[in-house]
Structure formats: C-alpha cells, structure tokens
1. Being of a type outside the set (Ser, Thr, Tyr), within 18 Å of THR300 (Cβ to Cβ) and part of a helix (DSSP H, G or I), is that true of even one residue in the stretch 344-353?
2. Return the residues of the stretch 118-149 that are under 23 Å from the mean Cα position of the chain (by Cα) and in a strand (DSSP E or B); say none if nothing qualifies.
3. For the stretch 231-276, give me each residue that is modelled with pLDDT under 95, among the aliphatic types (A, V, I, L, M) and more than 19 Å from VAL189 (Cα to Cα).
4. So which of GLU327, GLU312 is charged (D, E, K, R) and modelled with pLDDT under 95?
5. Could you list all residues from the stretch 78-90 that are within 16 Å of the ligand (Cβ to nearest atom) and free of Cβ contacts under 8 Å to residues at least 40 places away in the same chain?
6. Considering only the stretch 279-300, I want to know if a residue exists there that is more than 16 Å from PHE137 (Cα to Cα), aromatic (Phe, Trp, Tyr) and away from the ligand (no atom under 16 Å from the Cβ).
7. Can you spot a residue in the stretch 213-233 that is touching a strand residue (DSSP E or B) at 6+ places or on another chain (Cβ under 9 Å), more than 16 Å from the ligand (Cβ to nearest atom), part of a helix (DSSP H, G or I) and more than 30 Å from ILE156 (Cα to Cα)?
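The values are calculated or read from the model by the stated rules, or taken from the named source; none is laboratory data. Computed from a prediction, not measured in an experiment: that's the story for all the values here. Neighbour counts are summed over all protein chains in view; Cβ atoms, including those assigned to glycine, are modelled from backbone coordinates with ideal geometry.
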Amino acid sequence: MKGKDILEKLQSIARDPFPYLKAKRKKGQQIIGSPLADVPSEMIYAAGFLPVTILGTNQPIVKASAHLPDNACSLSRSNLELVLNYEPDTFDGFVFPQVCDTTQHLSDIWKMTIPAKFFGSFLIPRQVDRKSARHWFYTETQRLKRQLERYSGQPITGEALAKSFQLYNENRSLLRKIYEMKVQAPQIVSNRQLFDLIRSFCFMDPEDYIPLLKELVSDLAIIIPNTQESKRVVLSGIAVEPTELFDILDELKTSVVADDLIVGSRMIAYDVPETDDPIEGLTKRHFAKSPFSPIRDVGTRLYDHLLQLVMETKAEGVVYFHIKFCESQDYDLPDLKAIMRDRKIPMIVLETEYQTAAKAQTKTRLEAFVESLYGEQING
Ligand code: SF4
C-alpha cells in the first residue's frame, strides 16, 4: 500500500474507529474501553483483550444530561454520551481511571448506568510527589491485573506482558519517528494527519498498526523537504476537540513542533522499560511521564515542562486548549497565563467543547493570533 493510502486508512479509523472495532468483535475479539488517562493498555492487551481509549463524540448530547450536570466537563459528558447512546454495543467492558473529581463521580455513574460484562477501576495517585505514590501505583496495577485475570479466567503470564510491552513500545517508537520527521520537514504530514495518527493508536491493535506504520515511515522518508514557511507552535492542554481545529492550524500555515497534550505526545513519548518485574516497569513508565493537569507533584512542573518545550523547539507561540468546565485546567490557567506573559511568550487560550464546531469564531481568533506571530496579514 502507498503512503497516501495508508494515511487515508489510518485517518478514517481515527475519525470513526467503530467499523474497525466492530469487525474485530465479529472475529471474537473482546474490547475493553477506558476514558483518559493512564490506564496501562499493555496489561489489558496481555490479558487477551483489545484496549481502546474512549475519546468522546462530537455528536449531540441526548442522554448524558440525565446523568451528569450541565457544568460537568465537556469530555466526560461526551464520553458518557458515546457509550450510552451512540455505541452501546461496542465495548465488552471498561477499566475506569479516576484522575480528578469528575472522573471519580463519573466512575460510579458509569458503573450503574452502562451494562457491561466487566467493570474494573484504576485509582491513580494524584499527588505523585508523595513517597507513597509509587507504592500506590504498583499495588493498583497489581489489582488491575487480578481484576482482569478474574474476568478472563486466565493468568496474565510474564511472556504475554513482555510481548505486549514490545508491541506497544514499537508502535510508540514509530509514531515518535513520524513526529520527529514532521518537525524537521513540516510539510511531510499535516498537523491534522499527525494527530490523527496518534488518535488511531488509541483504537488499534498494534499488530494491525505496526506494519502500516513501518510502510508509512519508509514512504515519508523519500519526500524531499521544501522550505515553505510556517510558524512553529507548541500545543498545550488535554485534547484538541473538535479535531477540525487541526485543519484550521494547517490552513493558517502553522506547524506543530511539540505538545504536552494527553491525546498527543504524552501518549507516545514514554515506553515501558525492560525490568525483571513487569509491574515495576509499568510503574517506572508512569512516573517518567510528563505532567497532566489533575495529577500534581511539584507545583510548577506543568509550566516548567511547557516552557522547556518552547525553548527546546524555538517555538514562536503556544496554543492552549481549555476543555469547557475542566476544573483542573481552570486552576492551571491563571498561573500559566502569568508565566507566559512574564516570559513574553505569545499564547492563545481557546475554550473548546466537544459538541461545538465553533469554527468561525475560533478560526478568527486563531487567525489574529497567527497574524500577530507573522507580524503581517496571511495571504491564501
Ligand atoms: S481532567 Fe478535566 S477534562 Fe479530564 S475528566 Fe477531569 S475535569 Fe474532565
């Protein structure tokens, strides 16, 4: 298959993964869904299930409002709507992470509202600088293993875990390669294509994904870079939704050179290291990860990490995506804005909602921001 066809195929899965997932189910594959973030997919895969990260829906909210208040974050409402209304039959079970107050409440609502053969919880420590946090994560990962083993009726073997780690590490490494290639030669894939590839990683079996990515990497490697000017930006936040916002970034001739998004670099940057104890490997990986808004350690780590990305990549501006009613991001923003102002780093904050295309208004604001980076009007 040619690179262009591979990209199209993977982008179509990124935009609508459910035909792919339904085909897998038809072949007997059980699917376990998890909302964001930090559930170790490798453990679910080693148990013989296909782990899928649930990334919400942009379709209208019809049923979720009966279970969640209107001021619950847009991501939670859209996730609940997806499984309650639009895809009630895709998932065999769920592993539900609790990363913030909203997910803590939603976990119980989900368990009571959505019929599933399996429901596992995964309680992630939120103050990761505490001494007990590592022990907590290790013990919780052991508990997840036992929950999955009870459901499948089979032990999760060391061999199955080693194979799962190897596949996911390889998949992530190929995606990182494409990201690096884009940073060097922005036109080889658009912003939308790059983030669609990361998105499809949330849905696909690495055994299906890796051969396609290998072909794509070798195809992209022969594209000769051109010198088309683009503004280098860093994206920040949790997720960019609706994903059409990436198209706007493309239209405005910006190129993403780094990001701290959860549905972005944080998903592909960290591999499970080789260790004799697989649970220890998963724990080490978790604590190596970049910051995530509701997970706290040293107070300034989120901002320091973003500043580091801007400096390392010589980015010209930051685009921050604020999910409507995300409390954690609400707390972050005043300090973040002040720090960027002090450092004279141009930053725009866009409030986003899964159900609002809001393209015209967002495009106008982004256009003005990018024009200010160019210091002139953008033509074409
Ligand atoms: S971290 Fe924010 S966006 Fe994510 S579930 Fe919690 S409130 Fe919602």
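1. no
2. The answer is PHE119, GLY120, SER121, PHE122, LEU123, GLN127.
3. Answer for the stretch 231-276, where residues must be modelled with pLDDT under 95, among the aliphatic types (A, V, I, L, M) and more than 19 Å from VAL189 (Cα to Cα): there is none.
4. GLU327
5. Passing the criteria: LEU80, GLU81, LEU82.
6. There is no residue in the stretch 279-300 that is more than 16 Å from PHE137 (Cα to Cα), aromatic (Phe, Trp, Tyr) and away from the ligand (no atom under 16 Å from the Cβ).
7. Checking the stretch 213-233: not a single residue is touching a strand residue (DSSP E or B) at 6+ places or on another chain (Cβ under 9 Å), more than 16 Å from the ligand (Cβ to nearest atom), part of a helix (DSSP H, G or I) and more than 30 Å from ILE156 (Cα to Cα).
Listed here are the residues, each with its yes/no results for (1) within 14 Å of the ligand (Cβ to nearest atom); (2) surrounded by 14 or more Cβ atoms within 10 Å (Cβ to Cβ).
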{"residue": "GLN98", "(1), (2)": "yes, yes"}
{"residue": "GLY120", "(1), (2)": "no, yes"}
{"residue": "VAL128", "(1), (2)": "no, yes"}
{"residue": "ARG150", "(1), (2)": "no, no"}
{"residue": "GLY153", "(1), (2)": "no, no"}
